[in-house]
Amino acid sequence: MTLTPERILILKPSSLGDIVHALPTLASLRQRFPNAYLAWLVKEEWAELLDGNPDLDEVLSVKFSLKTWSSIVQRVRAKKFDVVIDLQGLFRTGALAALSGASERVGFAMAREGSAWFYTRRILLPVKVDGPWRLVDMHAVDRNLTIARFLGADVSRPTFCIPDFEDDRRVIQEYLDNAGVRADDQLIAIAPVSREEIKNWPIERFAYVAERLCQESNRKVVLLGSPSQQKMAEAFSSLPQRSCLNLVGKLRIRQIGSLLRHVHLLIANDSAPVHLAMAVGVPVLGLYGPTHVDATGPYGTGPHRILHTMTPCRPCGKKVCHHVNQHECLLEISVDEVVQAAHELLSNRLMSVLQRPLDGVRS
């Protein structure tokens with residue numbers, strides 16, 4: 001498609017992992033339209049992930065509600081965008097695109113909640129037609145990039161930009177110094193809680209993994225999680241204090257990115273830290289149950305490892321498990337499997353210079 005837009009708005013309000021998945025689309029659009037004014041509308045709780053991004057001219061931080069809807073529309077219309085790209089694909093973002101005043105509104109033909117009706121350009125995704133038709137398994141990053149490609153961008157080298165700020169680096173270094181982390185220590189981050197309960201491997205098993213990995217004196221575990229997840233740290237209370245740095249609820253989003261740059265391995269469920277770690281070039285050991293690894297696993301060809309079982313019902317993609325053996329797809333992943341995979345990934349990290357998961361990882 002041939003366009004020469006002067007002002008472009010990306011709609012991707014949430015959530016953290018989904019925003020990370022859209023960063024390569026932003027980078028490709030900036031390369032395609034170097035002189036355009038590029039803005040991104042995002043929920044205020046995720047806005048700092050985009051702060052300082054060199055590909056953006058403006059971050060429109062909003063708080064969606066019925067009370068604020070009118071002011072959001074007025075704010076967007078005042079910017080006089082000529083192209084709006086809806087990567088969220090929900091009714092409210094489709095409606096916002098239509099109300100923006102932009103002459104071109106681009107989104108996916110199969111977007112949810114009828115939002116595609118608001119677009120002037122609808123992007124078709126590949127489908128399988130052998131039997132009941134369905135979308136081809138495609139990672140969220142590649143799905144977003146189909147829109148950039150449609151607009152004429154080169155998408156051959158997906159690039160993730162997670163800015164790293166001096167004040168955040170200073171905060172993280174202070175935490176590490178106070179915990180006695182040395183330069184030759186292997187730091188293992190564990191993010192054991194997903195926002196959706198169905199995605200959670202048992203917290204007690206994460207604690208057993210941490211205990212076994214920390215039997216080697218040069219290894220330390222750092223716990224990550226949101227303020228609402230602070231209670232889960234109690235499961236790790238048996239770890240020696242010198243071996244466990246509890247940062248649950250203590251870090252801002254930007255600071256999590258800074259911390260992960262010090263980490264040798266992240267062990268986590270399918271959750272936002274997986275995608276942040278991937279974006280800054282950290283190996284990931286992911287434990288996946290009901291979700292589609294091809295769509296939401298760590299992106300790229302980096303030294304990641306995904307553990308999942310061959311349970312017939314997975315990946316179901318559901319929010320609630322209705323299987324007769326509740327959460328069987330996750331429970332069949334053993335502590336021994338996780339420990340062995342972690343040892344292998346950590347050994348590979350020691351034996352060679354870390355090969356980034358993507359050619360284009362920027363700070």
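The values are calculated or read from the model by the stated rules, or taken from the named source; none is laboratory data. This is a predicted model, so every value here is computed, not measured. Don't worry about glycine lacking a Cβ; one is built from the backbone with ideal geometry, like all the others, and counts go over all protein chains shown. When the accessible area is computed, the model is the full protein with side chains, heavy atoms only, and any ligands, DNA or RNA have been set aside. Shrake-Rupley method; radii C 1.70, N 1.55, O 1.52, S 1.80 Å.
Miscellaneous remarks
- Residues that are open to solvent by less than 30 Å² (accessible area, probe 1.4 Å), under 23 Å from residue 171 (Cα atoms) and not in a helix (DSSP H, G or I), drawn from segment 205-243: 219, 220, 221, 222, 223, 224, 225
- Checked against the criteria, residue 122 does not count as basic (Lys, Arg), crowded, with 20+ Cβ neighbours inside 10 Å and in a strand (DSSP E or B).
- Filter pass, residue 347 being of a type in the set (Ser, Thr, Tyr) and either out of contact with any Ser or Thr (no Cβ under 7 Å at 6 or more places or on another chain) or surrounded by fewer than 18 Cβ atoms within 10 Å (Cβ to Cβ) (or both): yes
- Residue within segment 130-150 that is within 20 Å of residue 11 (Cβ to Cβ), under 24 Å from the mean Cα position of the chain (by Cα) and among the acidic types (Asp, Glu) present: yes
- Across segment 1-38, the qualifying residues are those that are outside any strand (DSSP E or B) and of a type in the set (Val, Ile, Thr), and the one among them that is farthest from residue 140 (Cα to Cα) is 4.
Residue by residue, here is whether (1) aliphatic (A, V, I, L, M); (2) more than 19 Å from residue 298 (Cβ to Cβ); (3) touching a Lys or Arg at 6+ places or on another chain (Cβ under 9 Å) holds:
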{"residue": "175", "(1), (2), (3)": "no, yes, yes"}
{"residue": "198", "(1), (2), (3)": "yes, yes, yes"}
{"residue": "208", "(1), (2), (3)": "no, yes, no"}
{"residue": "220", "(1), (2), (3)": "no, yes, yes"}
{"residue": "234", "(1), (2), (3)": "no, yes, no"}
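- Of all the residues in segment 158-193, those that are within 20 Å of residue 226 (Cβ to Cβ) and under 19 Å from the mean Cα position of the chain (by Cα) number 7.
- Evaluating residue 3 against the criteria (1) farther than 12 Å from residue 162 by Cα; (2) modelled with pLDDT of 95 or more leaves one unmet condition, (2).
- Failed condition for residue 286, given (1) open to solvent by 20 Å² or more (accessible area, probe 1.4 Å); (2) free of Cβ contacts under 8 Å to residues at least 24 places away in the same chain; (3) closer than 30 Å to residue 157 by Cα: (1)
- Residues satisfying the stated conditions in segment 148-173, i.e. of a type in the set (A, V, I, L, M, F, W, C) and either closer than 18 Å to residue 299 by Cα or in contact with a Phe, Trp or Tyr (Cβ under 7 Å, 6 or more places away or on another chain) (or both): 148, 155, 160, 161, 162
- Residues satisfying the stated conditions in segment 42-58, i.e. under 17 Å from the mean Cα position of the chain (by Cα) and either aromatic (Phe, Trp, Tyr) or not in a helix (DSSP H, G or I) (or both): 42, 43, 46, 50, 51, 53
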